[in-house]
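Undergrad: Here it is, the structure, as structure tokens.
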Amino acid sequence: MERKILHIDMDAFFAAVEQHDNPDYFGKPVIVGADPRGRGVVSTCSYEARKFGIHSAQPIGEAYRLCPQGIFLPVRGERYAQVSRCIMQLLSEYTPLIEPLSLDEAFLDLTGSEKIFGSSAEIGKRIVKDIQRKLGLSASIGIASNKFLAKLASDLQKPHGFVIITPENVGELLDGLKVNRLWGVGPKTEAHLQQLGIETIGMLRRSDPEVLAANFGEVGLQLYLLAHGQDDRPVLPEEAAKSIGHEITFQVDTGDRSFLAGVLLWLSDQVARRLRQQSCKGRIITVKIRDCNFKTLTKRTTLTEATDFEEQIYSEALKLVQQAAWGINRVRLLGVSVSGFGSEGGTQLGLFEEEQPMLQCACAHRDLGKLHQTVDRLRDRFGEGIITKGTILHVKSKVDRSNEPE
Ligand code: TTP
Ligand code: MG
């Protein structure tokens, strides 16, 4: 099912709060940042000030030279944090799936909200109105099927932007943009892409993924997918944002099921070990599979009880992989992660719980816990290789050393 992701970014946030709190400043160039007589920088400025060439991170002295008549104000962090909490509160009326990115920015997954509140476009309009009416501030909104496109959309027509990216307009909107608009493309990658003759997202979309992989490794493939408007990252509410995972890209694509099952066990073993090292237990098990055509699938399941046992992570991961794409195509990448460490991620209990052989379960669980403790201690003391499962040893020897999971 196509997701409905909304990205919201407040317009000239700090400066807009200052204008709201002091209506005399409305319509005027307001610059928030360091003392204009000092050596600090501009945090942000109103759109009126941007006409003078002032922008974030600019030396404040330069801003002063460009616009001496501007209203220069210090940063009132606590006030902006307070307004930010009100914004997030207001957003949470439409979905619990909110991922704040900064004080003035957040992703919302509205896929499940449409049945209750109307289309995502209608929800977006309501949010803009709510924020204007209740907080006296303006926001820009982008709506699309994933995070990357939604974020890009909110930035296309700032301020007061409202852009919806659809399969029909995605090419037209993306193709002419410079590659540095893609997540993960900094000046270095941009220069490298330029050497390959790739300057725009359209050029990247039409490029050869093998060439990108050869030049940038896994990052190259991610860029290729982004250029196609593909991005499968979920919206992660704050407590779920943390996850512990491992993935591996094979040097040669493989369809060998028993090998892949062994790799899953290896990945699960590493994830569980890290969970225990960080004293974390998680309820959400996610697998990621990329096939030889670069099609990426993620599947997740939620357990009733949090775990840090590789046995359980492996058995759930294996089921997910079997449901997803087992043997359909040759696999290029396989990943396992565990999240849901906080209160979220709970599943609804059945009305009639099956009877469990409780005592037997508890004993087996305790024994397994003790075994992990012992193995962890041995590994802490003598290194990771001191004790391992035969299957893992076998798959490890098949995977090229340069191929080890990061
Ligand atoms: P942004 O959303 O990047 O900027 P903005 O909201 O001021 O303007 P717009 O989104 O309309 O382009 O950042 C949000 C706030 O973060 C901004 O109001 C001030 C602060 N900030 C800094 O302190 N330093 C910086 O370099 C940037 C970019 C932002
Ligand atoms: Mg902003």
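Undergrad: Only one of (1) surrounded by fewer than 19 Cβ atoms within 10 Å (Cβ to Cβ); (2) closer than 20 Å to Leu90 by Cβ fails for Ala106. Which number is that?
TA: (1)
Undergrad: Something else now. Pairs under 8 Å by beta carbon, first residue surrounded by fewer than 14 Cβ atoms within 10 Å (Cβ to Cβ) in the stretch 368-381, partner hydrophobic (A, V, I, L, M, F, W, C), six or more apart or different chains?
TA: Gly369/Phe309; Leu378/Ile386; Leu378/Ile387
Undergrad: Need at least 3 residues that are under 17 Å from the mean Cα position of the chain (by Cα) per element, so show me which helices (runs of 4 or more DSSP H) inside the stretch 87-158 make the cut, counting only ones lying wholly within it.
TA: The qualifying helices (runs of 4 or more DSSP H) are 147-156.
Undergrad: Of all residues in the stretch 69-99, count the ones that are surrounded by 13 or more Cβ atoms within 10 Å (Cβ to Cβ), farther than 24 Å from Phe148 by Cα and touching a Leu at 6+ places or on another chain (Cβ under 9 Å).
TA: Of the residues in that region, 3 qualify.
Undergrad: Out of all the residues in the stretch 191-238, which are among the β-branched types (Val, Ile, Thr) and touching a Leu at 6+ places or on another chain (Cβ under 8 Å)?
TA: Ile198, Thr200, Ile201, Val211, Val235 - these are the residues of the stretch 191-238 that are among the β-branched types (Val, Ile, Thr) and touching a Leu at 6+ places or on another chain (Cβ under 8 Å).
Undergrad: Would you point out which residue out of Ser56, Ser43 is without any contact (Cβ under 8 Å) to a residue 40 or more places away in the chain, touching a Gly at 6+ places or on another chain (Cβ under 7 Å) and either within 19 Å of Asp11 (Cβ to Cβ) or within 9 Å of ligand 1 (Cβ to nearest atom) (or both)?
TA: Ser43
Undergrad: Restricting to the stretch 1-21, name every residue that is within 15 Å of ligand 2 (Cβ to nearest atom), of a type in the set (Asp, Glu) and without any contact (Cβ under 8 Å) to a residue 60 or more places away in the chain.
TA: Result: Glu18, single match.
Undergrad: Still on this model: Please work out if Leu173 is assigned to a helix (DSSP H, G or I) and more than 15 Å from ligand 2 (Cβ to nearest atom).
TA: Taking the combined requirement at face value, the residue satisfies it.
Undergrad: For the stretch 219-260, which positions are assigned to a helix (DSSP H, G or I), in contact (Cβ under 8 Å) with a residue 40 or more places away in the chain and crowded, with 16+ Cβ neighbours inside 10 Å?
TA: Selection gives Leu221, Leu223, Tyr224, Leu225, Leu226, Ala227, Ala240, Phe259, Leu260.
Undergrad: Could you give every pair whose Cβ atoms fall below 7 Å, whose first residue belongs to the stretch 164-176 and is touching a residue at least 60 places away in the same chain (Cβ under 8 Å), and whose second residue is in a helix (DSSP H, G or I) and of a type outside the set (Lys, Arg), counting only separations of at least 6 or pairs across chains?
TA: Ile165/Leu149; Ile165/Ala153; Ile165/Leu173
Undergrad: Hey, another quick one. With the checklist (1) more than 22 Å from Ser397 (Cα to Cα); (2) surrounded by fewer than 16 Cβ atoms within 10 Å (Cβ to Cβ); (3) touching a helix residue (DSSP H, G or I) at 6+ places or on another chain (Cβ under 7 Å) in hand, flag the one item Ile313 doesn't pass.
TA: In the conditions (1) more than 22 Å from Ser397 (Cα to Cα); (2) surrounded by fewer than 16 Cβ atoms within 10 Å (Cβ to Cβ); (3) touching a helix residue (DSSP H, G or I) at 6+ places or on another chain (Cβ under 7 Å), Ile313 misses (2) alone.
Undergrad: Regarding the stretch 275-282, can at least one residue be identified that is in contact with a strand residue (DSSP E or B) (Cβ under 7 Å, 6 or more places away or on another chain), crowded, with 21+ Cβ neighbours inside 10 Å and closer than 17 Å to Ser243 by Cβ?
TA: There is at least one residue in the stretch 275-282 that is in contact with a strand residue (DSSP E or B) (Cβ under 7 Å, 6 or more places away or on another chain), crowded, with 21+ Cβ neighbours inside 10 Å and closer than 17 Å to Ser243 by Cβ.
Undergrad: Looking at (1) under 30 Å from Arg205 (Cβ atoms); (2) of a type in the set (Asp, Glu); (3) in contact with a Gly (Cβ under 9 Å, 6 or more places away or on another chain), can you tell me which one Glu238 breaks?
TA: (1)
Undergrad: Do any residues in the stretch 68-85 that are more than 23 Å from Ile131 (Cα to Cα) have Cβ atoms under 7 Å from those of residues that are at pLDDT below 95 and not in a helix (DSSP H, G or I), where the two are at least six apart or on different chains, and which pairs are they?
TA: So the pair list comes out as Phe72/Pro36.
Undergrad: Within the stretch 269-282, is even one residue in a strand (DSSP E or B) and touching a residue at least 12 places away in the same chain (Cβ under 8 Å)?
TA: To start, the set of residues in the stretch 269-282 that are in a strand (DSSP E or B) comprises 282.
If we keep only those that are touching a residue at least 12 places away in the same chain (Cβ under 8 Å) too, we end up with 282.
Within the stretch 269-282 (the criterion being in a strand (DSSP E or B) and touching a residue at least 12 places away in the same chain (Cβ under 8 Å)), the answer is yes, since at least one residue qualifies.
Undergrad: Pairs, please: C-beta under 9 Å, at least 6 apart or cross-chain, first residue at positive phi and in the stretch 138-163, second of a type outside the set (S, T, N, Q) and away from ligand 1 (no atom under 11 Å from the Cβ)?
TA: So the pair list comes out as His160/Val128.
Undergrad: For the stretch 307-342, name all the residues that are under 22 Å from the mean Cα position of the chain (by Cα) and in a strand (DSSP E or B).
TA: Arg332, Leu333, Leu334, Gly335, Val336, Ser337, Val338, Ser339
Undergrad: For the stretch 1-25, how many residues meet the condition of being hydrophobic (A, V, I, L, M, F, W, C) and more than 16 Å from ligand 1 (Cβ to nearest atom)?
TA: Looking only at that region, the number is 2.
Undergrad: Let me ask something additional. Of all residues being under 22 Å from Ala106 (Cβ atoms) and either more than 16 Å from ligand 2 (Cβ to nearest atom) or assigned to a strand (DSSP E or B) (or both) in the stretch 22-59, which is modelled with the lowest pLDDT? Just the residue, please.
TA: Here the answer is Ser43.
Undergrad: Right, next: Among the residues in the stretch 320-327, are any surrounded by 18 or more Cβ atoms within 10 Å (Cβ to Cβ) and closer than 26 Å to Ile98 by Cα?
TA: Checking the stretch 320-327: at least one residue is surrounded by 18 or more Cβ atoms within 10 Å (Cβ to Cβ) and closer than 26 Å to Ile98 by Cα.
The values are calculated or read from the model by the stated rules, or taken from the named source; none is laboratory data. Just so you know, these numbers come straight off a predicted model, no measurement behind them. A quick note on method: Cβ atoms are made from the backbone with ideal geometry, for glycine too, and the neighbour counts reach across all protein chains shown.
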